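The values are calculated or read from the model by the stated rules, or taken from the named source; none is laboratory data. Bear in mind that the values here come from a model prediction, so they are computed numbers and not experimental data. FYI the Cβ positions are ideal-geometry reconstructions off the backbone, even for glycines, and counts take in every protein chain you see.
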Amino acid sequence: AVGGRHAGAAGGVMNTGANVMGIVNALLVPLLAARLGWTAAIASGAAFAVLGILFMLLVRADRTVD
């Protein structure tokens, strides 16, 4: 299991990372839409989603925190 006996902390870190990226993307989308158009703005959201997936693939569920 991810985190072992530290599963709560591991889940909290994962959720915090997702929420921070959501905030960053929410701040970037209007700026990108105004400067580069909506295609670039939507593409940035897709890029953040793909990056999130790639980072989640790096999680080693077989390792514990201790």
Self-check item: Flag if A7 is surrounded by 11 or more Cβ atoms within 10 Å (Cβ to Cβ), of a type outside the set (S, T, N, Q) and at pLDDT 80 or above
Solution: no
Quiz item: For the subset of the stretch 10-45 comprising residues that are closer than 17 Å to V59 by Cβ and surrounded by 15 or more Cβ atoms within 10 Å (Cβ to Cβ), which member is farthest from the chain's Cα centre (by Cα)?
Solution: A10
Quiz item: Taking only pairs six or more apart or across chains, which ones have beta-carbon atoms under 8 Å, a first residue in the stretch 1-14 that is part of a loop (DSSP other than H, G, I, E, B), and a second residue that is at pLDDT below 75 and loosely packed, with under 11 Cβ neighbours inside 10 Å?
Solution: A1/A61; V2/A61
